[in-house]
Amino acid sequence: MSDTTGNCCCGNCSLTEAQIIEELEPMLQEYASKPGGVIPALQIAQTRLGYLPEEVIKRIAHLFGKPYSEVAGVVTFYSFFSTVPRGTYLIRVCLGTACYVRGGNELLQALKHKLGIDVGETTADRLFSLGVGRCFGACGMAPVLMVNDDLHQRVKATKVGEILESYRAQAATQAEKEAVKA
Amino acid sequence: MIQVTINGAPVSVKPETTILQAARQAGITIPTLCFLEKNDPLGACRVCMVEVEGAKTLMAACATPCADKMVIHTNTRRVRQARKQVVELLLSEHDGNCQLCDRSEDCELRNLAADLGVRDITYQGAKAAPLMDTSTPALTRDNSKCIKCRRCVTVCSSVQGIGALFPQGRGFSTVIGPAFTRKLDGVACVQCGQCAAVCPVGAISEHSAIEDVWRMLDDKTKTVVVQTAPAIRAALGEAFGLPPGTRVTGKMVSALRQLGFHAVFDTNFTADLTILEEGTELLTRLKTALVEEKKVALPMFTSCSPGWIKFAEYYYPQFLPNLSTCKSPQQMFGALAKTYYAKKIDRKPEEMVVVSVMPCTAKKFESQRPEMNASGVRDVDYVLTTRELARMIREAGIDFNALPDGEMDSPLGLSSGAADIFANTGGVMEAALRTAYEIVTGRELPVDNLHVKAIEGLEGVKEAALTIKGTVPEWSFLEGVELRVAVSHGLGNTRRLLERIKNGEATYHFVEVMTCPGGCIGGGGQPRFTDDSVRLKRIAGIYAEDEGKKLRKSHQNQQVLDLYAQFLGTPLGHTSHELLHTHYTERKTD
Ligand code: SF4
Ligand code: SF4
Ligand code: SF4
Ligand code: FES
């Protein structure tokens, strides 16, 4: 849970989580003096880190002089806060009516199986996160799934392996390029 | 004054009075669940609904202020129906298994359902998944019984100023508990059990030691002795239908004998001992400061309340040097029972079992602290709350109210009235003053009937000042010194006091802190339900116990003096240091 060695979610820099948290500190401190500042502070941290690691929630609780359980209560109350890191690729399977009846759920099960994670979780290599959606406005091409901003249509459960592989390859090329630059 | 009518009868109340308060004033009962006396109403459970003429909807009595000429009805069909519906809804989501629940005798939900005539449950809701938490030595939590009334949240954050429990998540899946529905040992909880004291149902209770104690009583190779805390003797009777504050010391002793304990002793004995050790420690610190003019940690804080100790270790580590190094009376007793007493009866520490009966859940935690093994083994083996003792008495089929009065055993059974008042806020301080003043001046504390009025009662923080005059030669450096003392109870009040001390806004020589509101008589292990009226009655019972004794000063307790003569030597001497004193450890909050 408290892995702070991962990289920033923007993908363009190589700051470690610990460095980002340090950078965030003055901004969070500023919010601490304002009433009702907890939610904005959490939002800023999440935007920067992609999720809310335990240390950050504790840090915010300390800065605001609030009990950890209270801030955790806020984090768990709002569905837009996440305490698990986002993978490079967020896969969202549509479970709207059209997609559901045409095999959306089978897709989801296949992905869970292939990735070994549940909805709301991220793979250990932080490459994939799994989520569900309620209609992406592509009902005619059901079942659909989104990987970040890419829409995949009429996906068959047997094909999810291929899709995952293509993103793994993409991630590998990206990493190579960065290594060369460095 | 505002005039309202409740059920046809005129009632006049002060402005800002809520309908609930007005009704109580008029002797009319309105059921409540989420409401907690002296705290802001949540208006969450809706079981207190009443009809107000002119209002379209029913109003929550706990959260609605009276207005002039308001006409209120508390028992119309509509009101009864609505309340019943609320309770039915709660029951439909509730993992009710009353026969097996430890609250079956005094569950507010069960009683409410009976009072409101709930006979069957129309809805069948999804039940919350069980989520048992036995992670701490003091408490068990069973979320499947939680009705989400949030009393525990209010008491933990507003009264105790800790905030270990909060609603997590939202809607049906809301869980009331520590951060991210973790276990209680994952957050900074001081184990005070005030959450368990206010919970209306079986969702938070003490971590029971009953089975362990029965097992020890059956084990013929062990010598099992019991010690009883001062605060239980004015509360235990409540579990057998007696009014709060009824003094049942003698019956309690008889009951413990019938349960099979080999000797029935008194934590009061070590309370007297604490006064000698702690009083000497205070005078020594004052001497260091005033005569040797060396830096020494003042004010000195009392150290008998384990919730307070844990609180200081978490939140005020800078004050740890200020805590008296005296162990609590419970732990002093354990250390002596397995050394001094064991030797007298020719047993080894390993053959002894020490059981405590305490008004407190934090005492369970304290007995498990790793350093509490001065006798070479665990000094106190098992801690029962007042409630658990009552249950054991019932399990054994003892007719408590018919018991004759028994006497405590010696040599750890005699106690002064000063020890009795350890049970309530202000009591430890008063006991200390009775002895310290007399040591320093050779005369009795010059107050009416030995009571220091300024530090009695339920005010959150109390203080007193006493100018020392006519000292004996040994303590002449204290001549004319104004001794300033303060007393706080409830950790929220304590935090406020500590902040003032920290910021230099107040200076004292000696400060008494008790974790629970009202002191130990309001402890987390006492019979439920405890409100201020109950606290005051228990306190009155304790003072009556004190005043009923000839021996009212700790330093005149002959058994304590014998203990020094035969075993300990002098207060703060080498053996005392080994057995009766301790140290503290800074803890990280979450
Ligand atoms: S909490 Fe009350 S209603 Fe629920 S099972 Fe226990 S006794 Fe029954
Ligand atoms: S035991 Fe005390 S500190 Fe711990 S959760 Fe309960 S009320 Fe809060
Ligand atoms: S644990 Fe008890 S006091 Fe706390 S919300 Fe649940 S029912 Fe109420
Ligand atoms: S007691 Fe009034 S709403 Fe709960």
**Item:** Rounded to 10°, Cα long-axis angle of helix B:427-441 versus longest principal axis of chain B
**Value:** 20 degrees
**Request:** Divide by every residue of chain B the summed helix terms, -39500 (n - 2.57) for each DSSP H run of at least 4, and state the resulting mean residue ellipticity at 222 nm, rounded to the nearest 500 deg cm²/dmol.
**Result:** -9000 deg cm²/dmol
**Complete:** Only helices counted: for chain A, with every DSSP H run of 4 or more residues adding -39500 (n - 2.57) and the sum spread over all residues, [θ] at 222 nm is -14000 deg cm²/dmol
**Prompt:** In whole Å, what are the Cα extents of segment B:431-590 along the three principal axes, biggest one first?
**Reply:** 46, 40, 36
**Item:** Solvent-accessible area buried by A and B, counting both chains, probe 1.4 angstrom, square angstrom
**Value:** 1200 Å²
**Loop trypsin sites (Lys or Arg not before Pro), segment B:306-413, which have at most 15 other Cβ atoms in a 10 Å radius of their Cβ (DSSP)** = B:R347
**Asked** Relative contact order, percent, of segment B:2-75 when contacts are C-alpha pairs under 8 Å separated by at least 6 residues?
**Response** 42 percent
**Asked** So what are segment B:2-75's ellipsoid semi-axes, whole angstrom, largest first, if each one is the square root of 5 times an eigenvalue of the alpha-carbon gyration tensor?
**Response** 18, 13, 11
**Taking only Cα atoms of the protein assembly as shown, radius of gyration then Dmax in Å** = 30.7, 101
**Request:** Report the net charge of residues surrounding B:S576, where surrounding means a beta-carbon distance below 13 angstrom and charges are Lys +1, Arg +1, Asp -1, Glu -1.
**Result:** -3
**Asked** Can you pull the Rg over Rh of segment B:368-510, Cα-only, Kirkwood?
**Response** 1.06
**Prompt:** Evaluated at 25 °C with a viscosity of 0.890 mPa s, what Stokes-Einstein diffusion coefficient in µm²/s does chain B have when Rh comes from the Kirkwood expression over alpha-carbon pairs?
**Reply:** 97 µm²/s
**Item:** Among the listed pairs B:K310/B:K588; B:K222/B:K343; B:K14/B:K38; B:K294/B:K462; B:K327/B:K364, those beyond 18 Å (Cα-Cα)
**Value:** B:K294/B:K462
**Request:** Kindly state, as a whole number, the per residue volume in cubic angstrom of the convex hull around the alpha carbon atoms of chain A.
**Result:** 127 Å³
**Message:** Which order do the peptides B:20-32, B:284-296 come out in when sorted by mean C-beta neighbours inside 10 angstrom, highest first?
**Reply:** B:20-32, B:284-296
**Request:** Using a 10 Å cut-off on Cβ atoms, rank the peptides A:144-152, B:190-198 from the highest mean neighbour count down.
**Result:** B:190-198, A:144-152
**Complete:** Partner shielding of A:47-60, as the mean number of partner chain Cβ atoms within 10 Å, equals 1
**Pairwise label distance in nanometres, B:V472 with A:L151, each label 7 Å out on the Cα-Cβ vector** = 9.5 nm
**Message:** Can you give the FRET efficiency to the nearest 0.05 for B:K502 and B:V377, using r as the Cβ-Cβ distance and R₀ = 41 Å?
**Reply:** 0.55
**Prompt:** Based on Cβ point charges of +1 for Lys and Arg and -1 for Asp and Glu, what charge dipole magnitude is obtained for chain B about its Cα centre, in debye rounded to the nearest 20?
**Reply:** 1420 debye
**Request:** May I ask you to derive the relative contact order of chain B, considering only C-alpha pairs under 8 Å and at least 6 residues apart, and to give it as an integer percent?
**Result:** 15 percent
**Complete:** Treating only Lys and Arg (+1) and Asp and Glu (-1) as charged, each at its beta carbon, one finds that segment B:2-75 has a dipole about its Cα centre, in Debye to the nearest 20, of 60 debye
**Asked** Which residues of segment B:145-165 end up with at least 20 Å² less accessible area in the presence of all protein chains than when their chain stands alone, using a 1.4 Å probe?
**Response** B:G163
**Asked** Which order, highest average first, do B:119-125, B:147-153 follow once you tally other Cβ atoms within 10 Å for each residue and take the mean per peptide?
**Response** B:147-153, B:119-125
**Item:** In sequence order, calculated HN-Hα J values of segment B:297-303 (Karplus, 6.51, -1.76, 1.60; Hz; x Gly/Pro)
**Value:** 6, 9, x, 8, 9, 5, 9
**Request:** Treating the angle as unsigned and between 0 and 90°, give the value, to the nearest 10°, between the Cα long axis of helix B:491-502 and the longest Cα principal axis of chain B.
**Result:** 50 degrees
**Message:** At 10 °C and a viscosity of 1.306 mPa s, what translational diffusion coefficient does Stokes-Einstein give for segment B:75-163, taking Rh as the Kirkwood radius over Cα pairs? Give it in µm²/s as a whole number.
**Reply:** 107 µm²/s
**For the protein assembly as shown, with +1 on Lys and Arg beta carbons and -1 on Asp and Glu, the positive-most of A:A138, B:F529, B:T386 along the dipole** = A:A138
**Fill in**
Taking a probe of 1.4 Å and leaving out DNA, RNA and ligands, chain B shows per residue an accessible area in Å² of 39 Å²
**Complete:** Longest principal axis of chain A (C-alpha) makes with the long axis of helix A:105-115 (C-alpha) an angle, in degrees to the nearest 10, of 60 degrees
**Request:** First measure r as the distance between the Cβ atoms of B:E482 and B:Y123, then evaluate 1/(1 + (r/R0)^6) with R0 = 56 Å and state the FRET efficiency to the nearest 0.05.
**Result:** 0.25
**Message:** Please report the carbon-and-sulfur percent of the accessible area for the protein assembly as shown; probe 1.4 Å, protein heavy atoms only, DNA, RNA and ligands left out.
**Reply:** 52 percent
**Prompt:** Across the residues of B:185-197, average count of Cβ atoms on other protein chains within 10 Å?
**Reply:** 1
**Complete:** Mean shadow area (nm²) of the C-alpha convex hull around segment A:17-77 is 3.6 nm²
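The values are calculated or read from the model by the stated rules, or taken from the named source; none is laboratory data. This structure is a prediction, so every number in the text was calculated from the model and none was measured. Cβ coordinates were reconstructed from backbone atoms using ideal geometry, including for glycine residues, and neighbour counts include every protein chain displayed. Areas reflect the complete protein model, heavy atoms only, side chains present, ligands, DNA and RNA absent. Shrake-Rupley method; radii C 1.70, N 1.55, O 1.52, S 1.80 Å.
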